[in-house]
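Since the structure comes first, as structure tokens, the remarks are kept for the end.
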Amino acid sequence: MTVVNLLQRQIEHRAELLCQNRNQGLPVGIGKSCFEPIINGVTFLKHHYKLDSSHFDYSTPVAKIQWDQESRLWTLYVPDGKNAWIPYPFLGKSEDLTALTREVEKDPKSLFWS
């Protein structure tokens, strides 16, 4: 297994835990956290539900964490509102994947899940 595969497994495992923690005890009407694997990372999504439905109506991308092979750092991105990603201004790159996933989970600046 290559280093990239190990990093992918690590980010997907942490993303799954993050979403489980965020969704615990949350009513469906507020929206549910989920993620999708991408190359060298994950994209976090917020599923939006209609009040009378158990299936989500649409999803909004809220954050992306991706491994940058060149810098050998994890990079956290936020959507810019124009279908593009920009580096998260408060903690854009880090060796510490835990710090980035904690930032997404806790959302201290209310940029991801609000």
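The values are calculated or read from the model by the stated rules, or taken from the named source; none is laboratory data. What you see is a predicted model, and the numbers here were worked out from it, not measured in a lab. Methodologically, a virtual Cβ is constructed for each residue, glycine included, from the backbone with ideal geometry; neighbour enumeration extends over all protein chains shown. All accessible areas refer to the heavy atoms of the entire protein, side chains included, with ligands and DNA or RNA removed. Shrake-Rupley method; radii C 1.70, N 1.55, O 1.52, S 1.80 Å.
S94 passes every criterion in (1) in contact with a helix residue (DSSP H, G or I) (Cβ under 6 Å, 6 or more places away or on another chain); (2) in contact (Cβ under 8 Å) with a residue 24 or more places away in the chain; (3) within 19 Å of L6 (Cβ to Cβ) apart from (2). Among what's in segment 43-52 and is over 17 Å from the mean Cα position of the chain (by Cα) and in contact (Cβ under 8 Å) with a residue 12 or more places away in the chain, pick the residue that is nearest to F112 (Cα to Cα). Top of the filtered list is Y49. Being out of contact with any Cys (no Cβ under 9 Å at 6 or more places or on another chain) and within 13 Å of W113 (Cα to Cα) is the filter here, so list the residues in segment 21-42 that pass it. Those that are out of contact with any Cys (no Cβ under 9 Å at 6 or more places or on another chain) and within 13 Å of W113 (Cα to Cα): R22, L26, I30, G31. The residues of segment 41-54 that are open to solvent by less than 80 Å² (accessible area, probe 1.4 Å) and polar (S, T, N, Q), listed by number, are T43, S53. Considering only residues in segment 1-36 that are in contact with a strand residue (DSSP E or B) (Cβ under 8 Å, 6 or more places away or on another chain) and outside any helix (DSSP H, G or I), the one that is most open to solvent (accessible area, probe 1.4 Å) turns out to be E36.
Scanning segment 1-45 for residues that are touching a Pro at 6+ places or on another chain (Cβ under 8 Å) and of a type outside the set (A, V, I, L, M) turns up Q8, E12, T43, F44.
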